[in-house]
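Enquirer: Encoded as structure tokens, here's the structure I'll be asking about.
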Amino acid sequence: MAKELKVLEEVPRPVEMLMAATMGRQGQPAVYVTTRPADIDAILAKQWYDGLTATYTERSWELSLNMFELSGGVDNLRPVVNRIMKAEPSAVIIVDPENQAALNHILATFDS
């Protein structure tokens, strides 16, 4: 763990946030959901996250196929999160900081 913490000291804050979100959750699918289609494709962002955090699994890849609607922006966050959670209720969903409140609301009102 000390080695991981040392690495966290050397990375930018957004990367630190992404890495910390999945620490201690081995085996639990993690899905990074970006809503910045002008900056990066949602599927590519998910692949980047998986590579950065070494959290790639076949299941998380399958879950990422639910993310194509995000190319339309943050307004499509609810249907994407709902599909991911219906497919894998134990999934950890990580969003950009400005969308954390929206994600919290979606998860609080999620009806499986």
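Enquirer: Restricting segment 76-112 to residues that are charged (D, E, K, R), open to solvent by 10 Å² or more (accessible area, probe 1.4 Å) and modelled with pLDDT under 90, which is farthest from SER60 (Cα to Cα)?
Expert: So the residue we want is GLU98.
Enquirer: While we're looking at this one, here's another question. Looking at segment 39-67, which of its residues are assigned to a helix (DSSP H, G or I) and either under 21 Å from HIS105 (Cα atoms) or of a type in the set (Ser, Thr, Tyr) (or both)?
Expert: Matches in segment 39-67: ALA42, TYR49, THR53, SER60, LEU63, SER64, ASN66, MET67.
Enquirer: Turning to a different aspect of this structure: Go through segment 25-45 and give me each residue that's over 16 Å from ASN99 (Cα atoms) and not acidic (Asp, Glu).
Expert: ARG25, GLN26, GLY27, GLN28, PRO29, ALA30, ILE43, LEU44
Enquirer: Looking only at segment 8-45, how many residues end up being open to solvent by 30 Å² or more (accessible area, probe 1.4 Å) and either modelled with pLDDT of 85 or more or acidic (Asp, Glu) (or both)?
Expert: To start, the set of residues in segment 8-45 that are open to solvent by 30 Å² or more (accessible area, probe 1.4 Å) comprises 9-14, 16-17, 19-20, 23-28, 36-41, 44.
Adding the requirement that they be either modelled with pLDDT of 85 or more or acidic (Asp, Glu) (or both) leaves 9-10, 16, 39, 41, 44.
So the answer is 6.
Enquirer: Only residues in segment 46-58 that are more than 16 Å from ASP96 (Cβ to Cβ) and open to solvent by 60 Å² or more (accessible area, probe 1.4 Å) count as the first member; pair them with residues that are of a type outside the set (Val, Ile, Thr) and assigned to a helix (DSSP H, G or I), Cβ under 7 angstrom, at least 6 apart or cross-chain, and list the lot.
Expert: TYR56/ASP50
Enquirer: Quick check on my filter: what residues within segment 54-98 are under 15 Å from THR34 (Cβ atoms) and of a type in the set (Ser, Thr, Tyr)?
Expert: SER60, SER64, SER71
The values are calculated or read from the model by the stated rules, or taken from the named source; none is laboratory data. Computed from a prediction, not measured in an experiment: that's the story for all the values here. A quick note on method: Cβ atoms are made from the backbone with ideal geometry, for glycine too, and the neighbour counts reach across all protein chains shown. These accessible areas exclude ligands, DNA and RNA; they are computed on the full protein's heavy atoms, side chains included. Shrake-Rupley method; radii C 1.70, N 1.55, O 1.52, S 1.80 Å.
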